[in-house]
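Take a look at the structure below.
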Amino acid sequence: MANTQAPANAEGPTQHTQNQAPRFTPVQLRMLHKGIAGNRVCHTQGQSYVEAWDVRRHLIRIFGFGGFSIETLSLDLVSQQEIKPGRWTIVYRAQVRLTVYAADGREITHFEDGAAGDASNQPKLGDAHDMAMKTALSQALKRCAVNLGDQFGLGLYNGGKSDAVVHFSAPHPPNEWQKDAEPQPEPVDPPVQPEPEPDATQDAPGPAEGRSAEQTPPAGESPDPVAGAILAKFYEQAKENWQRPDVLTQIKEGARQKGVLSMEVPGLAPERKPMPFEEFLDALIARATAANRERNAA
């Protein structure tokens, strides 16, 4: 009988290789063993976390376009309350499955997890539902992805540190993946910013009437155009991050170093009375802290 088995040195997959379990590549393992970059970590009220959009970005970077799938197994409305006329608080619960594939399309592994997400004190019912659903789905995805280790925030459970905690995995010894160099050039990303959310307060800061955000100047003309430009930049950053007390505190420190805290900016809506930038930031920090406390207590 003729021998139909391909010789060991034949090119292309053999029956043996086709039956092998799909595995991560050495480059993927090298990336997965690294600690998370500090500029990917967000901090709020003493808690460290990663943004869902950044998790998706790194799933693409490590596993490729189409190298993973995210399936919503369930998405259920838990609560819908009109806490006062025209103000809504919505809660959803989501169950999500994250599946990772090898380069040939075969499944390597999958993870399932669930989470609840809320939208508190929202003026628009549709926005409240959208935010609560997105929050629940995002949280569930992050809980699935953390099973892939440090690149997806596992080490943050160790006191919020960005250092790697896995270090070694018996099925993937270092000699399996350290021999392959890291992909070059590695991307250097700016600090991760939060995803935009609907405005939960009617008097939240925004661009002045009739001007774009880029054109909104500080209140009153500064005799120093350089200081005025610096202040305008800090002012726009504060408006973009009005829900993040940690970022606002960093902006305040930066403005202090640049000597522009005492300069006036348009105040909070609806009056928008000019006020020193320091007072404007203090008001935003107090409001954002109170909103986060209310959200966590809900």
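Read-outs throughout are calculated quantities, based only on the coordinates presented, and are distinct from any laboratory measurement. Please read these numbers as outputs of a predicted model, since none were measured by experiment. We place every Cβ from the backbone using ideal geometry, glycine too, and count neighbours over all the protein chains shown.
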Legend entry - Cα pair count fraction exceeding 17 Å, expressed as % - the range 49-180: 66
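Compute the signed sum of charges (Lys and Arg +1, Asp and Glu -1) over the other residues within less than 13 Å, Cβ to Cβ, of F111. If you can, show how the numbers build up before the last one.
On the way: positive: R97, K142, R143; negative: E71, E107, E112, D113.
Around F111, the surrounding residues sum to -1.
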Legend entry - Label point distance in nm, N39-T99, each placed 7 Å from Cα along Cα→Cβ: 3.5
Legend entry - Amide H within-cut-off set for M275, under 5 Å, with H built and near neighbours excluded: V265, G267
Inset, instruction - May I ask you to evaluate 6.51 cos²θ - 1.76 cosθ + 1.60, the Karplus curve with θ = phi - 60°, for each residue of the range 94-105 and list the ³J(HN,Hα) values in order in whole Hz, giving x for glycine and proline? - result: 10, 10, 10, 10, 10, 10, 10, 10, 6, 4, 8, x
